[in-house]
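Step one of this worksheet: look at the structure below.
Just so it is clear, none of the values below were taken in a lab; they were calculated from the coordinates. Keep in mind it's a predicted model, so treat the numbers as computed, not measured. In this analysis, Cβ positions are derived from the backbone assuming ideal geometry, glycine residues included, and neighbour counts consider all displayed protein chains.
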Ligand code: FES
């Protein structure tokens, strides 16, 4: 399948316990609500050493640090051009 975007969420223990557990569900819901599940490859990865900046999420080539359940919506809206 040809995806237009890729989102990779860090599921390492530090990021996961500091917020990515909830953000994982938020991203899944967001993709479902905006019918983006066929266009976005959403996957997880283990710790990449950025723990001190976590929770970390990657959207295409960009790395977002200190992601929270508040700013994740801004990140996703910006990525998909949704207001
Ligand atoms: S646990 Fe996410 S960068 Fe280390």
- Quick one: in region 46-63, of everything that is in contact (Cβ under 8 Å) with a residue 24 or more places away in the chain and loosely packed, with under 14 Cβ neighbours inside 10 Å, which residue is farthest from the ligand (Cβ to nearest atom)? 60
- If you go through region 1-41 one residue at a time, how many are surrounded by 15 or more Cβ atoms within 10 Å (Cβ to Cβ), more than 15 Å from the ligand (Cβ to nearest atom) and farther than 16 Å from residue 82 by Cβ? 0
